[in-house]
Amino acid sequence: MLEELTLRGLKVDSQVPVSLVYKNKVLEKEYKLDLIVEDEIIVELKAVETLLPIFEVQLLTYLRLMDKSLGLVLNFNEVLLKNGIRRVINGYN
């Protein structure tokens, strides 16, 4: 997937580290984003039986930490990939 996106001219970074800051202190725990496309869209990759709400909450947390607006959760454990795509928008009520 990463290679396909870069072949199409998109800038893609994988396993991007994200630090967690709490009360102006950087915590030791570091998270890693699966993909970030064009420095704008965070993509969380899964291969699970069912997409649980916690995966969308996880992505929303990443969006907030990185101050980004849009993310996608992709579940590759689907017959049709379009059935395994969830869009998450930061700041949308």
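The values are calculated or read from the model by the stated rules, or taken from the named source; none is laboratory data. All values reported here derive from a predicted model rather than from experimental measurement. Counting neighbours? That spans all protein chains shown, and the Cβs are built from the backbone with ideal geometry, glycine included.
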Among (1) modelled with pLDDT of 95 or more; (2) more than 17 Å from residue 68 (Cα to Cα) - the single one residue 42 does not satisfy: (2)
Single condition residue 64 does not satisfy, out of (1) out of contact with any helix residue (DSSP H, G or I) (no Cβ under 9 Å at 6 or more places or on another chain); (2) modelled with pLDDT under 90: (2)
Any hit, segment 51-61, residues being among the polar types (S, T, N, Q), more than 17 Å from residue 88 (Cβ to Cβ), surrounded by 11 or more Cβ atoms within 10 Å (Cβ to Cβ) and without any contact (Cβ under 8 Å) to a residue 24 or more places away in the chain: no
Conditions (1) in a strand (DSSP E or B); (2) at pLDDT 90 or above; number of the one not met by residue 54: (1)
Residue ID - nearest to the chain's Cα centre (by Cα), chosen from residues in segment 61-93 that are assigned to a helix (DSSP H, G or I) and either basic (Lys, Arg) or more than 23 Å from residue 2 (Cβ to Cβ) (or both): 64
When residues of segment 8-45 are limited to those that are of a type in the set (S, T, N, Q) and assigned to a strand (DSSP E or B), the one surrounded by the fewest Cβ atoms within 10 Å (Cβ to Cβ): 15
